[in-house]
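Trainee: Next up is a structure, given as structure tokens.
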Amino acid sequence: MAENIIQIENLSFGFSPKKQILKNISLAVPKGSIYGFIGANGAGKSTTMRVILGVYPEVNHTVKVFGEPIETAYPETFRKMGTLIDYPAFYDHLSGIDNLRTLAILRELPRENIDEALKLVGMWDARFIKMKKYSLGMKQRLAIAMALLGKPQLLILDEPVNGLDPNGMVEIRQLLVELNQKTGTTLFISSHLLQELEKMVTHLAIIADGEVKFQGSKEELSDRYGFDKVEIKLKNAPDFLKYIDHARLIDENTLEVDTGDIEIIARTNRTLIENGAEVYRISTVESFEKWFMEITKKN
Amino acid sequence: MLKNLQLATRTEWIKIKGLGLIYAGAGLALVMPLLKFTGKIFGPRIPGPPETSISLFEDALTSDTGPFAKFFIILFIVVATNRICQIDHKNGGWLLMETQPVKKLSIYLAKYLNIVFLSFLTIAFFFLFTILFTALNQWLFGQTEAKWALSFSWLLQDFLKLFVSSLGISGFMLFVSVVFQGYIWPFIIGILGLVLNLVSYIRKEFYPYSPMHTEQLAFSQDIRSLNTFFGFSEALSIFWTISFLLIGYLWYSRKSFKRAFIFDTKVRIRTLLMLLVLGSAYYFIQKPKQVAPLAATSLSGKLEGPDLPKELYLIEPEFNQKVATIPLVNGEFTWSSSEELPLGFYKLISDDRSINTGLFLGKCDFYNFEVFRGPSGDISFLKTNRKAEIGLQGMPFGFEISYFPQLFQDKPGEYYKEMNKAWERSLEKMKSFRTAENYTVADDFLLFKQQDMAVNFLKAAQGFYRNNSGEEKAYKALVTRLEKELEKPSELTLANPNYLAFKLSSFSQEGARADSATWAGVSALEKGRIKDKLLSYQIATSMEKLPDFQARQQLINRYSDAFSDPRYTEKLEQVLSEQQVTLKGLPFPDITIMDVDNDSKTIKDFKGKYVVIELWSKGADGSRQAFRDAAARYYWYRNVAFASVNVDFDEEGWKSYLKDRKEGQNLQEYWLPAGAAFVKEARIRKLPHYIVVDDKGLIHDFNASAPDRPEFHTLLGSIL
């Protein structure tokens, strides 16, 4: 069994006993994974992350990091972790390099780490500029540099590409994937930008209304909810439902079909034509988006 | 933990870089010294500190520490704490810090330590600037020789008191600034604390429940007079520090009030215990205390200055007799006695000066004096267990009854109702009185003050009743209530002139025969202690109205057999012999004074005019303007002359003093050689002193009122 860097079992949390924000959450983040934590705004992502980080006090010993309960693990275990929660946290009256210095002192890190982190995120030239003069993208990069400062084994990032332009998003995503692949750093990333995570995660969990609706590897999600679907627009859709396996009627003119590979798409199309269907369009369903809507929809 | 705290503190220090807090502290520390300096440049050139000053720097620091402690340092803490916390509130700084390998306690404490260090720097700046500007002032504008000495222990105590008293304010403001995330609320709360301090200053009250009040408590009296190095204000400050660090840390680390204090049963029990411990500690710290008296009555102290006496005398109040002769060795004296010492207002004097003429002393009390003698006055500091009594003595309780007759004219019902209320209110204030050191008044003194106040209320009520009829029942109820207070007059009350005068007046009816009725009343009293006191008081006050020595002597002789204690007759004889020197109608002593042109003159040379004489010294020259104003006012009256006579300068010093101030043109200025000897011989206790000599060169009033008093003008009106 793979070692889990973060292990949560039946976590419930709220600021008053009567009103729980997180309800019985269980998560397991395997070492070396890129773990996506997906949820709409207000679903409980940031609260979960804050509890994992010990910022919000959890008294029932339900959370472990690096195999140790957070009550005892922190603050020492933070040496092995880098974080970026909510939005870039920084001191805007200080320069970029002074912001990194504050953390380097606390972590007892040498100056080289600061220089290295600044170069890694492309902020070396702007290091002496006060952060209040930084653009949002520059702030985000520096925040990532702050998270990477101690060469962490675990990076916990909340919306890490928020505020970046499209190129910046690609760059940071590449940086994080490279980091994972080269150093084996485990990434625990939350986002509501589903396409962003879809392309990089190895594992994911979906949270809605304080409850985890799904967690597992990408393959497990595909197995459970069907991976690859196509939407077929045709005339009199209900008449053709009987000819096709794994199909569902969406409306009068729409069928949704689970497809394992492109052969199944071709075969389905042939069957429909052979039975006299007038097919207007075959298109793929946006997988994560669709699943996300399904999983998080309320009763 | 310590290393963790050290790293967090270093980090916090970097975080305040660029906030300008050190400059802000230096700026606030500079305000008072700079204002004074600017005042010297543009304001009138007032001479440097008088010779009675202990130290140039100590004077400057004493006068400036008050405003700095009560306003500037608090303002700095409010601003700095708010600013320091805002940088974390604004951009997720708390979260950033809390996800680093540092404990939350270290983060919270590190912030506190930085605020404390900044306060320390600001206080150090204040001391530095005050000393530098004082030296600069003296160098540029000093007109007399200054005393440069500075006591290190005094400086240390002043600094530490300022610093320690600020710790609680820092703890409180950190708590407020962390809990309230916006900039506005902590600032408003801080300013409200300052406003409350201002209210307390105006109302002369102490608010120990305000955590912002500790600095005000610490500097409500000169630190040389404090009984202990650290006291009530510092204990309160430490209490607030611990309380708010604890509450603030719990609130901060648990992220909400609910989670910190009332989340579940366990947390509630912890909160309850905390409240219990902190509440008890506060109760015991703020509970007013009476200083424990010693096993024996003790007087000690030291005198510094030229021409120190060889011995001091302790004089008891009843018969003015020496209780003790206390030798002075190298300026220091110590005396103690386990004998019964009747409670009263004693005098501690030397041959030439009084150290203290109202020493409230009884068995097992202690007084420690620190007296710095100058040629024209002493500066003295007093440590004693009777601090509260001294403080209470100067408080105006029940003063409002003086304007009640006008306020409630023709409304007797309301008058008596308000009198009752005023009595209750004053009594309550008297009982709850405490000093800045948290000392409360002993029962013996409280009873004395209570009875003294009852006399004043009775006199006021009776006066009102005479002029306003009606509401007899309410009047009688009030009088009965007040008379009950006086049923058993204490020993102190029996020595109180106010009570004795009231008691004597109660023998007489209103009208022309009032005086004879009083004599009849007091004569009819049964021989004994009370009669002795009343009779001696009646004789002493009546003597002042008699024109000459013989008439006064006859009065004493007439009643000498009426005393049960013959010492009262001796006391009256002594009073008479003292009066003889300065008695009205006796020739004014034949002294020779000199004017600025070196012309000699005697008071006889003014014959044909009444002469108003001002005797002043360089340490007691504050009323000279009032005297000059009076001289100008009566300039056109041909039968009165004004003479301002200096008694302590040498001739050149006196002339240069007048020249520096461009004085002497509008007033007849004189200098009395060997003036100090005349002051001593004439038993003048305090300068400036005013004397009126009549047109025949006889004493008209040896103890005239000061020219800024209405009585002075009444006197002048009677002779013009």
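Trainee: Provide A:198, B:544, B:370 ordered by accessible surface of protein heavy atoms (probe 1.4 Å), highest first.
Mentor: These residues rank, largest area first, as B:544, A:198, B:370.
Trainee: If you don't mind, another one. How big, on average over all directions, is the shadow cast by the Cα convex hull of segment B:202-355, in nm²?
Mentor: 14.8
Trainee: Let's see if you can work this out: charge +1 on each Lys and Arg Cβ, -1 on each Asp and Glu Cβ, no other charges. What is the dipole magnitude of chain B about its Cα centre, in debye to the nearest 20?
Mentor: Dipole about the Cα centre, nearest 20: 3360 debye.
Trainee: Positive end of the dipole of the protein assembly as shown, charges at C-beta (+1 Lys, Arg; -1 Asp, Glu), about the Cα centre: which of B:355, B:422, B:315 has its Cα farthest in that direction?
Mentor: Going by the Cα projections, it comes out as B:422.
Trainee: Suppose all protein chains stay in the model; what accessible area per residue would a 1.4 Å probe give for segment B:364-458, in Å²?
Mentor: 40
Trainee: Further, regarding this structure: I'd like to compare B:66-72, A:24-30, B:477-483: which one has the highest average count of other Cβ atoms within 10 Å, and what's the full order after that?
Mentor: B:66-72, A:24-30, B:477-483
Trainee: Count neighbours as other Cβ atoms within 10 Å of each site's Cβ, and list the trypsin sites (Lys or Arg not before Pro) in segment B:303-356 that are DSSP loop with at most 12 such neighbours.
Mentor: Taking segment B:303-356 and a limit of 12 other Cβ atoms within 10 Å, the loop trypsin sites (Lys or Arg not before Pro) found are B:310.
Trainee: Using the Cα centre of segment B:595-720 as the reference point, and only Cβ charges (+1 on K/R, -1 on D/E), how large is the resulting charge dipole? Debye, rounded to the nearest 20.
Mentor: The calculated dipole for segment B:595-720 is roughly 280 debye.
Trainee: With every protein chain in place, what's the accessible area of residue B:689 (1.4 Å probe, Å², nearest 10)?
Mentor: The accessible area comes out at roughly 20 Å².
Trainee: A further question on this structure: For the residue pair residue B:287 and residue A:119, what label-to-label distance in nm results when each label sits 7 Å from Cα along the Cα-to-beta-carbon direction?
Mentor: With each label placed 7 Å out from Cα toward Cβ, I get 6.9 nm.
Trainee: Taking θ as phi - 60°, what are the ³J(HN,Hα) couplings along segment A:182-192 by the Karplus curve (6.51, -1.76, 1.60), each to the nearest whole Hz, with x for Gly and Pro?
Mentor: Per-residue couplings from phi come out as 7, 10, x, 4, 7, 10, 10, 10, 10, 6, 10 Hz.
Trainee: Can I ask one more? Express in whole angstrom the spacing between the alpha-carbon centres of segment B:397-443 and segment B:664-720.
Mentor: About 38 Å separates the Cα centre of segment B:397-443 from the one of segment B:664-720.
Trainee: Going by alpha carbons, how many degrees (0 to 90, nearest 10) lie between the helix axis of B:2-15 and the longest principal axis of chain B?
Mentor: Orientation of helix B:2-15: about 80 degrees from the principal axis.
Trainee: Next up: With the Cα gyration tensor of segment B:555-611 giving a ≥ b ≥ c as the square roots of its eigenvalues, does the rule (a/c under 1.5 for rounded; else a/b larger than b/c for prolate; else oblate) give rounded, prolate or oblate?
Mentor: Here segment B:555-611 falls in the prolate category.
Trainee: Turning to a different aspect of this structure: Students often get this wrong, so check it: of A:80/B:255; B:3/B:70; B:429/B:618; A:139/B:15; B:531/B:680; A:133/B:258, which have C-alpha atoms separated by over 29 Å?
Mentor: B:3/B:70; B:429/B:618; B:531/B:680; A:133/B:258
Trainee: Under a point-charge model restricted to the Cβ atoms of Lys and Arg (+1) and Asp and Glu (-1), what is the dipole moment magnitude of segment A:1-75 relative to its Cα centre, in debye to the nearest 20?
Mentor: Dipole about the Cα centre, nearest 20: 340 debye.
Trainee: Equivalent ellipsoid semi-axes for segment B:568-712, as square roots of 5 times the alpha carbon gyration tensor eigenvalues: give them largest first, rounded to whole Å.
Mentor: Over the Cα atoms of segment B:568-712, the ellipsoid semi-axes are 25, 18, 15 Å.
Trainee: I need the GluC sites (Glu not before Pro) found in segment B:305-365, filtered to DSSP loop residues with at most 16 other beta carbons within 10 Å of theirs.
Mentor: Here the GluC sites (Glu not before Pro) that fit, given the DSSP loop and packing criteria, are B:339, B:340.
Trainee: How far apart, in nm, are the 7 Å Cα→Cβ label points at residue A:112 and residue B:635?
Mentor: A separation of 9.1 nm, rounded to one decimal place.
Trainee: Could you tell me which of B:587, B:606, B:554 has its Cα farthest along the dipole of segment B:522-659 towards the positive end, charges placed at Cβ (Lys, Arg +1; Asp, Glu -1), taken about the Cα centre?
Mentor: Value computed over the given set: B:554.
Trainee: Let me ask you something else. How much accessible surface does residue B:276 have with a 1.4 Å probe, in Å² rounded to 10?
Mentor: Surface accessible to solvent at residue B:276 totals approximately 110 Å².
Trainee: Quick check: with the 1.4 Å probe, what order do B:242, B:556 take by accessible area, largest first?
Mentor: B:242, B:556
Trainee: For the protein assembly as shown, take the convex hull of the Cα atoms, compute a quarter of its surface area, and give me that in nm², please.
Mentor: That works out to 61.1 nm².
Trainee: While we're looking at this one, here's another question. Tell me the total accessible area that A and B bury against each other, 1.4 angstrom probe, in square angstrom rounded to 100.
Mentor: 3100
Trainee: By how many degrees, between 0 and 90 and to the nearest 10, does the Cα long axis of helix B:184-203 differ from the longest principal axis of chain B?
Mentor: 10
Trainee: May I pose another question? Using modelled amide H (1.01 Å from N, peptide plane; none on Pro or chain starts), what sits under 5 Å from the amide H of residue A:212, excluding residues fewer than 5 places away?
Mentor: Long-range HN contacts for residue A:212: A:26.
Trainee: Rounded to the nearest 10 Å², what accessible area does residue B:713 show when all protein chains are kept and the probe is 1.4 Å?
Mentor: 40
Trainee: Counting helices only, and only those DSSP H runs with n ≥ 4, report the 222 nm mean residue ellipticity of the protein assembly as shown as the sum of -39,500 (n - 2.57) divided by its residues, in deg cm²/dmol to the nearest 500.
Mentor: After summing the helix terms and dividing by residue count, I get -15000 deg cm²/dmol.
Trainee: Roll a 1.4 Å probe over the protein chains and send me the accessible area per residue for segment B:187-227 in Å².
Mentor: Here the residues of segment B:187-227 average 44 Å² of exposed surface.
Trainee: Starting from the exponent 0.38 and prefactor 2.2 Å, build the expected Rg for segment B:422-572 from its residue count and divide its actual Cα Rg by it.
Mentor: That ratio works out to 1.22.
Trainee: Then there's this: Using each residue's phi in segment B:225-239, evaluate 6.51 cos²θ - 1.76 cosθ + 1.60 at θ = phi - 60° and report the 3J(HN,Hα) Karplus result to the nearest Hz, with x for Gly and Pro.
Mentor: 8, 6, 5, 10, 4, 10, x, 4, 4, 6, 4, 5, 4, 5, 4
Trainee: Beyond 20 Å, how much of the Cα-Cα pair distribution for segment B:407-504 remains, as a whole percent?
Mentor: Of all Cα-Cα pairs in segment B:407-504, 43 percent lie more than 20 Å apart.
Trainee: Compute the Rg/Rh shape ratio of segment A:117-210: radius of gyration over Kirkwood radius, all on alpha-carbon atoms.
Mentor: 0.97
Trainee: Which FRET efficiency value, to the nearest 0.05, is calculated for residue A:262 and residue A:167 with the Förster distance at 41 angstrom and r the Cβ-Cβ distance?
Mentor: After rounding to 0.05, the efficiency reads 0.85.
Trainee: For A:173, B:386, B:10, what's the largest-to-smallest order of accessible area, 1.4 Å probe?
Mentor: Heavy-atom accessible area, descending, gives B:10, A:173, B:386.
Trainee: Roughly to the nearest percent, how much of the accessible area of chain A is carbon and sulfur, given a 1.4 Å probe?
Mentor: Carbon-and-sulfur percentage of accessible area, whole number: 49.
Trainee: Report the GluC sites (Glu not before Pro) located in segment B:160-262 that are in a DSSP loop and have at most 15 other Cβ atoms inside 10 Å of their Cβ, or state none.
Mentor: Taking segment B:160-262 and a limit of 15 other Cβ atoms within 10 Å, the loop GluC sites (Glu not before Pro) found are B:205.
Trainee: I'd like the mean, over residues of B:254-263, of how many other protein chain beta carbons sit within 10 Å of each residue's own Cβ.
Mentor: Mean partner-chain Cβ count within 10 Å for B:254-263: 3.
Trainee: For the modelled label position 7 Å from the Cα of residue B:201 along Cα-to-Cβ, which residues of segment B:2-43 have backbone nitrogen atoms closer than 14 Å?
Mentor: B:32
Trainee: So how far apart, in nm, are the two label points at residue A:76 and residue B:443 if each is 7 Å from Cα heading toward Cβ?
Mentor: Calculated label separation equals 6.2 nm.
The values are calculated or read from the model by the stated rules, or taken from the named source; none is laboratory data. In this text, all values refer to a predicted model and were calculated from it rather than measured experimentally. Cβ: placed from backbone, ideal geometry, glycine included. Neighbour counts: every protein chain shown. For accessibility, only protein heavy atoms count, side chains too; no ligands or nucleic acids. Shrake-Rupley method; radii C 1.70, N 1.55, O 1.52, S 1.80 Å.
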